[in-house]
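A quick write-up on the structure given underneath.
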Amino acid sequence: QVQLVESGGGLVQPGGSLRLSCAASGSGFGRNVMGWYRQAPGKQRELVGSIMNGGNTNYADSVKGRFTLSRDNAKNTVYLRMTRLKPEDTAVYYCRILPTGVWGQGTQVTVSS
């Protein structure tokens, strides 16, 4: 079974930046559409953005212009660059293989003064 491991979360001040990584095991990574999701306490998990195997991206309105998805197929890794972070961005962030529904374990992002 393919496994996903997120990393890069932490505590950041409002307006700060952070880059999350999602490393995938196994082969065939470059053929998969990948997504980043987040879940805040008491809230449902929501889609942050997705990236096609060729690099085309889509973003939720709440993060558009601030977050950027990218991928390095040679490294089997998807990235989420977050800038101008807001307290409402605080959540556990997960990556996912969209066609199969495979999730990573999540990484905590806390935006606070």
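The values are calculated or read from the model by the stated rules, or taken from the named source; none is laboratory data. From a predicted model like this one, the values you see are computed outputs, not experimental measurements. All Cβ positions, glycine included, derive from the backbone under ideal geometry; neighbour counts span all protein chains shown. Just the protein is used for accessible areas: all its heavy atoms, side chains included, with ligands, DNA and RNA removed. Shrake-Rupley method; radii C 1.70, N 1.55, O 1.52, S 1.80 Å.
Okay, here's what the table says:
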read-out	value
Using a Förster distance of 41 Å, the FRET efficiency for VAL33-SER113 (Cβ separation, nearest 0.05)	0.70
Dipole magnitude of the chain, debye to nearest 20 (Cβ charges: Lys/Arg +1, Asp/Glu -1, about Cα centre)	140
Accessible area (Å², per residue) of the chain, counting only protein heavy atoms and a probe of 1.4 Å	53
Whole-number D in µm²/s for the chain (Stokes-Einstein; Kirkwood sum over Cα pairs; 4 °C, 1.567 mPa s)	93
Environment charge at GLN105 (Cβ cut-off 12 Å; Lys +1, Arg +1, Asp -1, Glu -1)	0
Accessible-area composition of the chain, carbon plus sulfur, in percent [1.4 Å probe]	47
Which of THR57, LEU47, LEU11, positive extreme of dipole for the stretch 1-95 (C-beta unit charges)	THR57
Label point 7 Å beyond Cα of LEU98 along Cβ direction - residues of the stretch 22-53 with amide nitrogen under 12 Å	32-37, 47-53
